[in-house]
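The values are calculated or read from the model by the stated rules, or taken from the named source; none is laboratory data. All figures in this text were calculated on a predicted structure; none of them were measured in a lab. Please note: Cβ atoms are built from the backbone with ideal geometry, for glycine as well, and neighbour counts cover all protein chains shown.
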Amino acid sequence: MIRLLALFALLIVTACDKAPAPQPPSGSGPALWQVQRGDMKGWLFGTIHVLPKGVAWDTPTIREAMGQADRLVLEASDLQDEQKTLTLFEQMGRSPGLPPLEKRVPESEVAALDKAMADGGTNTQLLSGYESWAAAMLLSAASQQGLGVSQSDGVEPVLIATFKQAGKPIGGLETVERQFGAFDTLPPTAQSRLLVQTVHEAKGMKALYDRILAAWLKGDMAAIAKEDEIGEQPDPVVEEAILVARNRDWVKAIEPMKGRPFIAVGAGHLTGKGNLIAMLEARGFKVTRVQ
């Protein structure tokens, strides 16, 4: 089970796909903004947490910003502590006396759930000890094993290594416990809907990931936003807890910052309803796209 923690790219297993890694088109790269207000003049970078090996995403513009920054600010600085993350997941994600997983979805979804578990190499016996949000994470992780990507090849490890080597501090906008807490406090009905949506997305995971990766590499935020529009609409309760409420908390963490922070968060937080950029602008920050 330690090899399976990944929904929303918390941790992920490494797959065996040896296809050449896609690269940013010439003259473009992942989206980067400069963020200014008062004594703060920093950067906001939209990341993708899991990548194929060998993606050269750190363009000269991004490297220059990292060099000028005085610190790194991630979603959660303690996310790289895998043992802590796994321990918290087990503590928060398990509960005694839970009904079997197939009893937590509509009867019409049971066959699709069984297929998604079988395709991912897991089963209801393994997942039924977890609350529905945690089971959804594990099921998503299982379905991502064939993507040829890993968390260790993602953006955050490179950022952390770069800033550590430069002797610059690394902080976070929240904690891993807060991230899990956003899921753990969802009402059971919302958790069930999250589980069903995870089942629906499992069969098209590779195509979805490939589209998002291509859009991210060229900084096409409109294309990333479009994926939300054409896909299955998220449960409003889940969207509020997982995206919008966390973005509001992040604005509160960013507001007192001074100096030149390099803030790196998942690109999905920077587009769509209640996105972080719009919230920062509403608080008087000047946000300027620089790549």
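Scanning the stretch 42-91 for residues that are in contact with a Ser or Thr (Cβ under 9 Å, 6 or more places away or on another chain) and hydroxyl-bearing (Ser, Thr, Tyr), which turns out surrounded by the fewest Cβ atoms within 10 Å (Cβ to Cβ)? Here the answer is Thr59.
With the condition kept exactly as written, say whether any residue in the stretch 238-247 is surrounded by fewer than 19 Cβ atoms within 10 Å (Cβ to Cβ), touching a helix residue (DSSP H, G or I) at 6+ places or on another chain (Cβ under 9 Å) and not aliphatic (A, V, I, L, M). No, there is no match, as no residue in the stretch 238-247 is surrounded by fewer than 19 Cβ atoms within 10 Å (Cβ to Cβ), touching a helix residue (DSSP H, G or I) at 6+ places or on another chain (Cβ under 9 Å) and not aliphatic (A, V, I, L, M). All of (1) charged (D, E, K, R); (2) surrounded by 14 or more Cβ atoms within 10 Å (Cβ to Cβ); (3) more than 25 Å from Val105 (Cβ to Cβ); (4) without any contact (Cβ under 8 Å) to a residue 24 or more places away in the chain hold for Asp210 with one exception: (2).
Taking the stated definitions as given, is Glu177 closer than 25 Å to Pro30 by Cα, surrounded by 15 or more Cβ atoms within 10 Å (Cβ to Cβ), in contact (Cβ under 8 Å) with a residue 12 or more places away in the chain and under 16 Å from the mean Cα position of the chain (by Cα)? It is false that Glu177 is closer than 25 Å to Pro30 by Cα, surrounded by 15 or more Cβ atoms within 10 Å (Cβ to Cβ), in contact (Cβ under 8 Å) with a residue 12 or more places away in the chain and under 16 Å from the mean Cα position of the chain (by Cα).
Any residue in the stretch 153-169 that is of a type outside the set (A, V, I, L, M, F, W, C), farther than 26 Å from Ala207 by Cα and surrounded by 20 or more Cβ atoms within 10 Å (Cβ to Cβ)?
Scanning the stretch 153-169 turns up no residue that is of a type outside the set (A, V, I, L, M, F, W, C), farther than 26 Å from Ala207 by Cα and surrounded by 20 or more Cβ atoms within 10 Å (Cβ to Cβ).
Scanning the stretch 110-132 for residues that are surrounded by 13 or more Cβ atoms within 10 Å (Cβ to Cβ), modelled with pLDDT under 95 and either in a helix (DSSP H, G or I) or among the acidic types (Asp, Glu) (or both) turns up Val110, Ala112, Leu113, Asp114, Lys115, Ala116, Met117, Asp119, Thr124, Leu126, Leu127. Any residue in the stretch 49-58 that is within 30 Å of Ile254 (Cβ to Cβ) and assigned to a strand (DSSP E or B)? The answer is yes, given that some residue of the stretch 49-58 is within 30 Å of Ile254 (Cβ to Cβ) and assigned to a strand (DSSP E or B). Scanning the stretch 252-279 for residues that are in contact with a Phe, Trp or Tyr (Cβ under 9 Å, 6 or more places away or on another chain) and assigned to a helix (DSSP H, G or I) yields Ile254, Ala267, Gly268, His269, Leu270, Leu276, Ile277, Met279.
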